[in-house]
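K.L.:
What follows is a structure written as C-alpha cells; I'll ask about it next.
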Amino acid sequence: MKKKNRKIKRLSVFPGFGLSLGFTMLYISLLVLLPLSMIFFYTSMMSWSEFWETIVEPRVVESYKLSFGASFIAACINAIFGVIIAWVLVRYQFPGKKLIDGLVDLPFALPTAVAGIALTTLYAENGWLGQFFSFKIAFTPIGITIALIFIGLPFVVRMVQPVLQNFETELEEASAILGANRLQTFLKVIFPELLPAIITGFALAFARALGEYGSVIFIAGNMPMKTEITPLIIMTKLEQYDYTGATSIAVVMLIMSFIILLFINGMQWWSNKKFMQ
Amino acid sequence: MKVTLTKFFSVAVSVIVILTGCNTKETNQDVTAGDKKKLEILNVSYDPTRELYEEFNQEFIKYWEKETGQKVAIQQSHGGSGKQARSVIDGLEADVVTLALAGDIDEIANTRDLLQKDWQSRLEHNSTPYTSTIVFLVRKGNPKNIQDWDDLTKENVSVITPNPKTSGGARWNYLAAWAYAKEKYHNDETKIKEFVSKIYKNVEVLDSGARGATTTFVERGLGDVLIAWENEAFLSINELGKEEFEIVVPTISILAEPPVAVVDKIAKKKGTAEVAEAYLKFLYSDTGQEIAAKNYYRPRDENILKKYTDQFPEIKLVTIDEDFGGWKKAQEKHFNDGGTFDDIYLPQK
C-alpha cells in the first residue's frame, strides 16, 4: 500500500495529488453520484411490470417525443446560429462588439422563469411579436422550441469562440494560395477544425434543454398529448406523492440522455480521427 | 503551492468549525429561551393566502401579547399546496399548516405521522375556518353570454383553467363542473364524463398553477372565461380594474374547504404547541373571520357572512365529503394516473 502511494507520488509532477484526488472523488460522490443513485434507489422499489407500465403510458411517450424532439431541433438551430454569432464576434470589429459578446451569456444569468414569462408575453397571440404571425406560437411546440433555443444559445457560441480565436489564419491563406475558393476553404479547412467544438456545444445545449422546466412551463400550454413536456409529467407525479413513478421516468430520461451523449462523444472521436490527421 | 493548500484547508476547517459551533449555540439558546422570550412559529400555507395571513398575523401578534405577555414572531411560507405538503414531509419544520386541500394534510399525517390521522375533527367546521368556492371570471359585458356550466361546453367558447394534475385549485374546478353535471344527468357517469370532457376540449392552455391561469386570462388576453377561486377572481378585479372583468356565479358550485392543522410533533418539539393551537383558533374569532371576509374568503360565522352578502351571493354548494366521499376517494377516482381526468385526454381505445 505504502509502496504504491510513493510510486504515484514520484510519477506525479504536481504535489498534492493524493489530497486533490481524494477531494475530487468525495466531491463527485456527494454531489453527483449519491443524488443519482437515489433516483435508481427509489425506482428499485417498483416491480418491473409497474416500472414498464409507468414509462410506456401513452401520455408519457408523447411527452418523450416532444421533449427530445424540441430539444434536438433547438440544439440544431443553436449549432448553426451559434457558429455564425461566434464567427462575427471573432472575425469582425464593430462598435458595440463587447456588449453583444456580453449579451450572449445573458440566458445563463436570467432566472428561467423570468425568461419563460417574457417569451410568453412576446409570443402570445396578442403579444408584440405573436400578433404578426398567422399561426400560434406560444402554447405550441414552436413556443417550446423557442424557449429551448433561448436557454441553449450560449453553449455553442462559447465552445466555438476560443477555437476560432486560436485558428491560424496562415492555413486559410495557404488554402487560398493553393487555389481554393472561399467556400472550399471554409468547408475543407475551417469547418473540420470547428466541428468538435460545435458537437460539444450541441451536446451541452441538448442536455440542458432536456431537463429544462422553468422557462418552458410558461410557454408550453401544458396540454396532455400535445404540449406536455416530460419534466412536467415528473412534476405531476410528485404532486400525487408518487415518488417512484416520478423517478422511474427520470431514470428513462437519464438513460436516454446518457446514450445520446455517448453517441455524440463517439461522433466527436470519429470527427477528430477523420479530420485531424 | 503546498503551503497555500494546507493554509486553505486549515482556514476552511476552522470556518466550518466556527459556523457549526455558532449554530449549535444558537439552537441551544432557542430551546432554553423558547417558552419565555423568543416564540416563533412557522405557518406553511399555499399561494393565494399570502395577503390574508399577512394581515391576520399582525392581529394575532397583538392578541397574543395582550393575553399572555409573550411576543411571538410568525414566519410565512407560500407555494403550491402539494409542494408545500411535500416540504413538510421532507423535513420543513412547520408548526401549523394551512393548505388548499385536506388530502395534502392527510398525506403528511399518513407518511410521516407528524399529526394524528383524525386531525380534521379537532377544530370546528372540518378544521376549515374559512371557505371559498369556484366561480367564473369573464370579460366585461360578458360577450359570450356565459351564465352557467352549460355555456362552457359550447363550441365557440374558450376556457382557461389550470391543470388538475399539478394544481390543487384546478382540482376544485374540475370537481365543481363534475358536481353540476352530476345533478344535471342524475348520476349517469358516462354522460357526466362527456360533459366535463367537452369543457376540457375547450381549454386552450392548462397552466401548472392557479396564478398562472389567472395571468394567462388577464394579461395574455386568452380565453373567454376563467374558472377560478372566488377570492382569486375578486383579487384580479380589484387589481386590474372593474372596467375589464366581471364575475359570473354558476347555479351550482363546490364548497372549497382549505383546512388548517397544528403539526403536533414539530410544535411539541419546538415548545410551540400552545401558541400554534391558539393561532388557529384565533382564525375562528370575530377578528379572524372579519379578516378572512375582507380577503374574499367566505367566513364560517353566519353573522359576519351576512354583513358581506353583496360580496358573497348565495350559490348551491356541494361538499367534497357528501358528493365525492372525501378527498382520498376523489383524488383516486379523478386525478391519479388512470383516473377520469386522464380518460379525457388519452386517445380513445
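K.L.:
Go through the stretch B:46-60 residue by residue and tally those that are surrounded by fewer than 17 Cβ atoms within 10 Å (Cβ to Cβ) and either among the β-branched types (Val, Ile, Thr) or in contact (Cβ under 8 Å) with a residue 60 or more places away in the chain (or both).
P.N.:
Here the count works out to 3.
K.L.:
Can you name every residue in the stretch A:74-115 that is open to solvent by 60 Å² or more (accessible area, probe 1.4 Å), outside any loop (DSSP other than H, G, I, E, B) and either basic (Lys, Arg) or within 22 Å of A:LEU195 (Cα to Cα) (or both)?
P.N.:
Within the stretch A:74-115, A:ILE80, A:PHE81, A:ILE84, A:ARG91, A:LYS98 qualify.
K.L.:
Here's a follow-up. Return the residue satisfying two criteria in turn: it lies in the stretch A:206-251 and is more than 11 Å from chain B (Cβ to nearest Cβ) and among the polar types (S, T, N, Q), and of such residues it is nearest to A:VAL61 (Cα to Cα).
P.N.:
Looking at residues that are more than 11 Å from chain B (Cβ to nearest Cβ) and among the polar types (S, T, N, Q), I get A:THR230.
K.L.:
Taking B:GLU232, is it among the acidic types (Asp, Glu), surrounded by fewer than 23 Cβ atoms within 10 Å (Cβ to Cβ) and under 19 Å from the mean Cα position of the chain (by Cα)? Let's see the steps before the verdict.
P.N.:
Numbers: among the acidic types (Asp, Glu): yes; surrounded by fewer than 23 Cβ atoms within 10 Å (Cβ to Cβ): yes; under 19 Å from the mean Cα position of the chain (by Cα): yes.
So B:GLU232 fits the description; yes.
K.L.:
Residues in the stretch A:45-61: is at least one touching a helix residue (DSSP H, G or I) at 6+ places or on another chain (Cβ under 7 Å), surrounded by fewer than 16 Cβ atoms within 10 Å (Cβ to Cβ) and under 26 Å from A:LEU232 (Cβ atoms)?
P.N.:
Within the stretch A:45-61, one or more residues are touching a helix residue (DSSP H, G or I) at 6+ places or on another chain (Cβ under 7 Å), surrounded by fewer than 16 Cβ atoms within 10 Å (Cβ to Cβ) and under 26 Å from A:LEU232 (Cβ atoms).
K.L.:
Where the second residue is of a type outside the set (D, E, K, R) and the first is in contact (Cβ under 8 Å) with a residue 60 or more places away in the chain and lies in the stretch A:177-193, which pairs have Cβ atoms under 7 Å and are six or more apart or on separate chains?
P.N.:
Qualifying pairs under 7 Å: A:PRO192/A:PHE275; A:GLU193/A:VAL163; A:GLU193/A:PHE167.
K.L.:
Hey, can you tell me all the residues within the stretch B:251-266 that are in a helix (DSSP H, G or I) and open to solvent by 20 Å² or more (accessible area, probe 1.4 Å)? Give the steps one after another, and end with the answer.
P.N.:
From the stretch B:251-266, those in a helix (DSSP H, G or I) are B:264-266; that's our starting set.
Scanning the stretch B:251-266 gives B:ASP264, B:LYS265.
K.L.:
Exactly one condition in (1) within 14 Å of chain B (Cβ to nearest Cβ); (2) farther than 23 Å from A:VAL114 by Cα; (3) among the charged types (D, E, K, R) is false for A:GLU170; which is it?
P.N.:
Among (1) within 14 Å of chain B (Cβ to nearest Cβ); (2) farther than 23 Å from A:VAL114 by Cα; (3) among the charged types (D, E, K, R), A:GLU170 violates only (1).
Residue-wise test of (1) more than 10 Å from chain A (Cβ to nearest Cβ); (2) of a type in the set (Ser, Thr, Tyr).
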{"position": "B:GLY82", "(1), (2)": "no, no"}
{"position": "B:SER87", "(1), (2)": "yes, yes"}
{"position": "B:ASP90", "(1), (2)": "yes, no"}
{"position": "B:GLU93", "(1), (2)": "yes, no"}
{"position": "B:THR98", "(1), (2)": "yes, yes"}
{"position": "B:GLY103", "(1), (2)": "no, no"}
{"position": "B:GLU107", "(1), (2)": "no, no"}
{"position": "B:LYS117", "(1), (2)": "yes, no"}
{"position": "B:GLN120", "(1), (2)": "yes, no"}
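K.L.:
If we keep just the residues of the stretch B:142-172 that are basic (Lys, Arg) and either part of a helix (DSSP H, G or I) or without any contact (Cβ under 8 Å) to a residue 60 or more places away in the chain (or both), which is farthest from B:PRO258 (Cα to Cα)?
P.N.:
To start, the set of residues in the stretch B:142-172 that are basic (Lys, Arg) comprises B:144, B:154, B:165, B:171.
Still in the list and also either part of a helix (DSSP H, G or I) or without any contact (Cβ under 8 Å) to a residue 60 or more places away in the chain (or both): B:154, B:171.
Numbers: B:LYS154: 31, B:ARG171: 12 Å.
Here the answer is B:LYS154.
Residue-by-condition table, conditions (1) part of a helix (DSSP H, G or I); (2) more than 14 Å from chain A (Cβ to nearest Cβ); (3) open to solvent by 10 Å² or more (accessible area, probe 1.4 Å):
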residue	(1), (2), (3)
B:LYS268	yes, yes, yes
B:TYR296	no, yes, yes
B:LEU305	yes, yes, yes
B:ASP310	no, yes, yes
B:ALA330	yes, no, no
B:PHE341	yes, no, no
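K.L.:
For B:LYS165, which of the numbered conditions (1) out of contact with any helix residue (DSSP H, G or I) (no Cβ under 6 Å at 6 or more places or on another chain); (2) among the charged types (D, E, K, R); (3) within 14 Å of chain A (Cβ to nearest Cβ) fails to hold?
P.N.:
Going through the list (1) out of contact with any helix residue (DSSP H, G or I) (no Cβ under 6 Å at 6 or more places or on another chain); (2) among the charged types (D, E, K, R); (3) within 14 Å of chain A (Cβ to nearest Cβ), B:LYS165 breaks only (1).
K.L.:
Oh, and also: Take the stretch B:185-222 and flag every residue that is within 11 Å of chain A (Cβ to nearest Cβ) and among the small types (Gly, Ala, Ser).
P.N.:
Just the residues of the stretch B:185-222 that are within 11 Å of chain A (Cβ to nearest Cβ), to begin with: B:200-201, B:203-209, B:212-213, B:215-216, B:219-222.
Answer for the stretch B:185-222, where residues must be within 11 Å of chain A (Cβ to nearest Cβ) and among the small types (Gly, Ala, Ser): B:SER208, B:GLY209, B:GLY212, B:ALA213, B:GLY221.
The values are calculated or read from the model by the stated rules, or taken from the named source; none is laboratory data. Nothing here was measured: the structure is a model prediction, and the numbers come from that model. All Cβ positions, glycine included, derive from the backbone under ideal geometry; neighbour counts span all protein chains shown. Please note that ligands, DNA and RNA were not included when accessible areas were found on the heavy atoms of the full protein model with its side chains. Shrake-Rupley method; radii C 1.70, N 1.55, O 1.52, S 1.80 Å.
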